[in-house]
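Chemist: For reference, the structure I am asking about is given below.
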């Protein structure tokens, strides 16, 4: 069959195969680059939660070749500190929802301690919001810039407070920011 093709066709076929090979190599390079990237702001990742530090911080591992691991702080949420009243309960709430489970994280920022900050989702549910709904944390309203979003988050908190859920069972519950200032 090759003997029947003219040399012009063979050259064209060779060039076409080279172009296809170059395209495939480029795609492979992009794929491998993505596999080795660390967590980045503005990106979404699938990962498994390997540790829950407290009610608003966890460690998760990405499914890439390096098995990138990062500490992730919940966006818009401030949970009681571990030694604070309701701290352990808040941590247990998070463990129950996501520990050793596959989650989707959306990195929105990196805090001053180098932790990624973001939203955690499981089966489409926003775990950050679920924690507020259950009374496991306060809304960190100082970090919510969008007024309608802030209103939505505060409504979730108000509902939990009204129903005396979680930390709201205690009428004198102390904000973690106040607790941290007093503990210094």
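Chemist: So, residue 95, is that one surrounded by 15 or more Cβ atoms within 10 Å (Cβ to Cβ) and touching a strand residue (DSSP E or B) at 6+ places or on another chain (Cβ under 9 Å) or not?
Modeler: For residue 95, the condition - surrounded by 15 or more Cβ atoms within 10 Å (Cβ to Cβ) and touching a strand residue (DSSP E or B) at 6+ places or on another chain (Cβ under 9 Å) - is met.
Chemist: Going by what's in this entry, would residue 114 be described as under 18 Å from residue 57 (Cβ atoms), out of contact with any helix residue (DSSP H, G or I) (no Cβ under 9 Å at 6 or more places or on another chain) and part of a loop (DSSP other than H, G, I, E, B)?
Modeler: Yes, satisfied.
Chemist: I'm trying to understand the selection: among the residues of the range 62-107, which are modelled with pLDDT under 95, over 16 Å from residue 175 (Cβ atoms) and in a loop (DSSP other than H, G, I, E, B)?
Modeler: 63, 64, 65, 66, 67, 68
Chemist: For residue 135, state whether it is surrounded by 16 or more Cβ atoms within 10 Å (Cβ to Cβ), free of Cβ contacts under 8 Å to residues at least 40 places away in the same chain and not in a helix (DSSP H, G or I).
Modeler: It is true that residue 135 is surrounded by 16 or more Cβ atoms within 10 Å (Cβ to Cβ), free of Cβ contacts under 8 Å to residues at least 40 places away in the same chain and not in a helix (DSSP H, G or I).
Chemist: Name, by its number, the condition in (1) within 20 Å of residue 54 (Cβ to Cβ); (2) in a helix (DSSP H, G or I); (3) modelled with pLDDT of 95 or more that does not hold for residue 177.
Modeler: (3)
Chemist: Name the pairs whose Cβ atoms lie under 6 Å apart, with the first residue in the range 116-129 and under 14 Å from residue 90 (Cβ atoms), the second part of a strand (DSSP E or B) and modelled with pLDDT of 95 or more, and 6 or more positions between them or separate chains?
Modeler: So the pair list comes out as 127/120; 128/74; 128/77; 128/119.
Chemist: Could you please let me know if residue 95 is within 30 Å of residue 184 (Cβ to Cβ) and over 19 Å from the mean Cα position of the chain (by Cα)?
Modeler: Against the criterion (within 30 Å of residue 184 (Cβ to Cβ) and over 19 Å from the mean Cα position of the chain (by Cα)), residue 95 does not qualify.
Chemist: Please go through the range 138-151 and pick out each residue that is assigned to a helix (DSSP H, G or I) and under 20 Å from residue 73 (Cα atoms).
Modeler: 141, 142, 143, 149, 150
The values are calculated or read from the model by the stated rules, or taken from the named source; none is laboratory data. Fair warning: this is a prediction, and the values are worked out from it, not measured in the lab. Reconstructed Cβ throughout: ideal geometry from the backbone, glycine too, with neighbour counts over all protein chains shown.
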